[in-house]
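A quick write-up on the structure given underneath.
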Amino acid sequence: MYELQIFGLDLAQRADTVVFVMIALLAAGILVVSFLIGEVFDVASDIGDFDDPSAGLLNVQTVSAFLAGFGATGWLLSGYFDVPSLVAAGGGLVGGLPMGGVVIWMTKMFQKQEVSTTFTLEELVGVDAIVTLAVPATGAGRVQYSRAGGTHTAVARSATGVPIREGEIVVIRRVVGGTVLVDAATVAGES
């Protein structure tokens, strides 16, 4: 008779161990791939309200982590400790919960750290900027400003018709199309 052995286990004698091994390895593989390529395969994470921090936790990563823990625990119990199949499955459930829980905890932690990097140009009104290319009285120059965790530039025109030198601090007063209208920054307390 032909013996199939993996990690020293005779799998021909225990079909349940083979199932647990396949579940553990397949789920671990899916978990690794889904973390490497992101949410491409995530189908179920859109369930729920995005304003709710507990929403969207049923996803490929949490299910894969649970199944990897389930399969690995069942594999150990049935293959190495010769526990009956139903007991090994129950132990697998107990082993899968912490694995899924860890991924849920990590997901919540990463969601809290997400920062929005989007903003509209209209939100720039009142923001300080520095002139990086002189703004002539009737022409266009360029300003640099910080917003949403990054440094950005924009085409700028003088809001008052007064030329502004390179290096001066200005305030964005209006936005017209993609151009910001700026004037010299005022002394604190003035508007």
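The values are calculated or read from the model by the stated rules, or taken from the named source; none is laboratory data. These numbers come from a predicted model, not from an experiment. Here the Cβ is made from the backbone with ideal geometry for all residues, glycine too, and neighbour counts use every protein chain on show.
Listed here are the residues, each with its yes/no results for (1) crowded, with 16+ Cβ neighbours inside 10 Å; (2) of a type outside the set (Ser, Thr, Tyr); (3) at pLDDT below 95; (4) in the same structural domain as Gly71 (by TED's automatic domain parsing).
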residue	(1), (2), (3), (4)
Leu97	no, yes, yes, yes
Val102	no, yes, yes, yes
Thr107	yes, no, yes, yes
Gly139	no, yes, yes, no
Gly149	no, yes, yes, no
Ala154	yes, yes, yes, no
Val162	no, yes, yes, no
Val170	yes, yes, no, no
Val176	no, yes, yes, no
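Hey, does region 36-54 have a residue that's polar (S, T, N, Q) and modelled with pLDDT of 55 or more? The answer is no, given that none of the residues of region 36-54 is polar (S, T, N, Q) and modelled with pLDDT of 55 or more. Tell me whether region 72-82 contains one or more residues that are aromatic (Phe, Trp, Tyr), assigned to a loop (DSSP other than H, G, I, E, B) and either in the same structural domain as Thr153 (by TED's automatic domain parsing) or modelled with pLDDT under 65 (or both). Scanning region 72-82, I find no residue that is aromatic (Phe, Trp, Tyr), assigned to a loop (DSSP other than H, G, I, E, B) and either in the same structural domain as Thr153 (by TED's automatic domain parsing) or modelled with pLDDT under 65 (or both), so the answer is no. For region 117-135, the count of residues that are surrounded by 13 or more Cβ atoms within 10 Å (Cβ to Cβ), without any contact (Cβ under 8 Å) to a residue 24 or more places away in the chain and out of contact with any Gly (no Cβ under 8 Å at 6 or more places or on another chain) is zero. Of all the numbered requirements in (1) modelled with pLDDT of 80 or more; (2) part of a helix (DSSP H, G or I), Ile130 misses one, and that requirement is (2).
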